[in-house]
1. For the chain, what does the helix formula give at 222 nm: sum of -39500 (n - 2.57) over DSSP H segments with n ≥ 4, over the residue count, nearest 500 deg cm²/dmol?
2. May I ask you to derive the FRET efficiency for residue 74 and residue 139 from their Cβ-Cβ distance with R0 = 35 Å, giving the value to the nearest 0.05?
3. Obtain the nm distance between the two label points defined at residue 93 and residue 63 by a simple spin-label model: each point lies 7 Å from its Cα along the Cα-to-C-beta direction.
4. Can you classify the range 15-97 as rounded, prolate or oblate using the Cα gyration tensor, where a ≥ b ≥ c are the square roots of its eigenvalues, rounded means a/c under 1.5, and otherwise it's prolate if a/b beats b/c and oblate if not?
5. Just check the range 98-154 against the gyration tensor rule for me: Cα atoms, a ≥ b ≥ c as the square roots of the eigenvalues, rounded for a/c under 1.5, and otherwise prolate or oblate depending on whether a/b exceeds b/c.
6. Between the range 4-37 and the range 111-161, what's the alpha-carbon centroid distance in Å?
7. Would you mind checking the range 121-136 for residues with the amide N under 19 Å from a putative spin-label position 7 Å along Cα→C-beta of residue 10?
8. Of (1) 9.3; (2) 12.9; (3) 10.0, which one was derived for mean projected area of the Cα convex hull in nm² from the structure shown?
Amino acid sequence: MNTRHTVVDTTLGPVTIVAEGDAVTGLYFQHHTRRPAQETFGAVATGDTLLAEAATQVRDYLAGRRRGFALPLRADGDAFQRAVWSLLNEIPYGGTTTYGRVAERLGDRGLAYRVGQAVGANPLCVLVPCHRVLGANGSLTGYAGGLGRKRALLELEEPAQVRAGRLF
């Protein structure tokens, strides 16, 4: 299929957006812990309307002008991963959950570790909001794009009344 990519400068550093056919299939930060090999991204695309729209939406989101994405997405993964990623899409903008709560939604809190592995394997970070998943005690744990970026994304989405009440 027609795999191609673009690199977009953002407030969180360069982001590689990958598309295959008519869908976005990857979004990776520089130094992403589970970043596929560069050669799997296909050629650099110029004039690609899907990638241009994805770049615009990502920039708008990071600038606080957008709360969600209207893009055709397709993520390769096994059935369990796809089930986890589907639940991530249900976490509202400004909301968070825990790995344990996602596991409970799948029917077994004991799956929390496996949920964490699936969250970490999300090839569409930001677009599928894996940054909204926290440790059991509300701590920032694991993010393939780095904990600094996870913190920045959560702060971007933080409701104004919560931000105003914070002491730091």
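1. Values: 6 runs with 57 residues, N = 168.
Rounded to the nearest 500, the figure is -10000 deg cm²/dmol.
2. Values: r = 32 Å, r/R0 = 0.90.
Calculated transfer efficiency: 0.65.
3. Each label point is offset 7 Å from its Cα along the Cβ direction, giving 1.5 nm.
4. Values: a/c = 1.65, a/b = 1.16, b/c = 1.42.
Oblate is the answer for the range 15-97, as a/c is 1.5 or above yet b/c matches or exceeds a/b.
5. Numbers: a/c = 2.19, a/b = 1.55, b/c = 1.41.
Prolate, since a/c reaches 1.5 and a/b exceeds b/c.
6. 17 Å
7. Counting backbone N atoms under 19 Å from the label point, the list is 121-134.
8. (3)
FYI, it's all coordinate maths here, none of it is from the lab. Bear in mind that the values here come from a model prediction, so they are computed numbers and not experimental data. When we count neighbours, we look across all protein chains shown, and the Cβ atoms used for this are built from the backbone with ideal geometry, even at glycine.
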